[in-house]
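Participant: A single structure is presented below for examination.
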Amino acid sequence: MKSIGFIAILLSIFTISTFAQVVEKKTLTLEGARLVIAAAKDYARKNNAPGGVIAVVDDGGNLIALERLDGTFTAGANISIGKAKTAVMFKRPTKFFEEIIKNGRTAMVALPDFTPLQGGVPITVDGQIVGGVGVSGAASAVQDEELAIAGANALSNQKISAVSFFDSQTVADAFSKGAVLIGDDKGENYQVHASRREKEGLVEVHELDTDIIYVLDGTATIVTGGKSLESKQVAPNEFRGTSIDGGETRNLKKGDVLIIPKGTPHWFKQVNGAFLYYVVKVR
């Protein structure tokens, strides 16, 4: 499953449109939504909450996950979803709107897709709203909100995936010299290289990294497998050799994809002019 995810990352880079800057956006995943629900349930258990429905939506108000605790009334699901959507779409806890209406601004109840009942809270990570959580059916409106806050706070110290964007000029500059587009400095277990070769290289063996190669332009001959000769360690878990004894020879051209498992010797034996290719390193 990891390899599929990283191939998707690679393919998304191929179809990027031209923009003037790099953009990052936090994204709430299903795993994150389940963490929110688990934290809210844990709070309910510790505080003897009689029941409740916990709903989590993304930053567009779309439902990601929902769980109904035993003993909760039937309408709780729709109400909790409405609270979560209201919190994220209006970027405020729903308690704020309930109090405004109590103070006389009753016209707000006519707003579409609006549930001004206490118990909805935005989910914020690093200053960005990534979703919302709504709870309905606990012992009181106050407890609804307490459960929602407990769930939202569960992500405060958690890492949420960030979307990375590279405009076409940045990509072109990287290929002009061969450079890493994104590395493992963010704690991810992958790297994306914009690679360029104009001549043959040494035999490479990566003990920890699987290489996923996608050829953009040019042709080259690569040998994989076999035994690396005169191999020397050049860095932790990295070895280089002069040639390969045995192995399998392939001629690479534009559009080809080659996946080289970790620990497999590989050698660009011949390169015909400029050879451009993406490499996704999966660890």
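Participant: Fully extended, how many nm does the chain gain between residue 254 and residue 235 (0.36 nm per residue separation, minus their Cα-Cα distance)?
Facilitator: 3.7 nm
Participant: With the Cα gyration tensor of region 169-283 giving a ≥ b ≥ c as the square roots of its eigenvalues, does the rule (a/c under 1.5 for rounded; else a/b larger than b/c for prolate; else oblate) give rounded, prolate or oblate?
Facilitator: Taking the square roots of the gyration eigenvalues as a ≥ b ≥ c, region 169-283 is oblate.
Participant: Under the rule a/c < 1.5 gives rounded, and otherwise a/b versus b/c splits prolate from oblate, where does region 207-252 land using the Cα gyration tensor?
Facilitator: Oblate, since a/c reaches 1.5 and b/c is not below a/b.
Participant: Pairs of Cα atoms under 8 Å, at least six residues apart: use those to get the relative contact order of region 135-283, whole percent.
Facilitator: Across region 135-283, relative contact order equals 30 percent.
Participant: Moving on to the next point. I'd like to know how the chain sits against the 2.2 N^0.38 Å rule of thumb: what's its Cα Rg over that expected value?
Facilitator: In units of the globular-protein estimate, the chain measures up at 1.39.
Participant: Placing +1 on the Cβ of each Lys and Arg and -1 on the Cβ of each Asp and Glu in the chain, which of 28, 205, 275 has its Cα farthest towards the positive end of the resulting dipole?
Facilitator: 28
Participant: Specify the angular offset, from 0 to 90 degrees and rounded to the nearest 10, of the alpha carbon long axis of helix 76-89 from the longest principal axis of the alpha carbons in the chain.
Facilitator: Helix 76-89 and the main axis of the chain meet at about 60 degrees.
Participant: At 222 nm, what value in deg cm²/dmol follows for the chain if DSSP H runs of at least 4 each add -39500 (n - 2.57) and the sum is divided by all its residues, to the nearest 500?
Facilitator: -8500 deg cm²/dmol
Participant: Too long at a 31 Å Cα-Cα cut-off: which of 253/281; 177/232; 254/281; 26/83; 26/102?
Facilitator: As for pairs spanning more than 31 Å Cα to Cα, those are 26/102.
Any read-out appearing in this document is the output of simple, stated calculations on the displayed coordinates, not a laboratory observation. This one's a predicted model, so the numbers in the text were calculated from it and none came from an experiment. With ideal geometry, Cβ positions are generated from the backbone for all residues, glycine too; neighbour counts draw on all protein chains shown.
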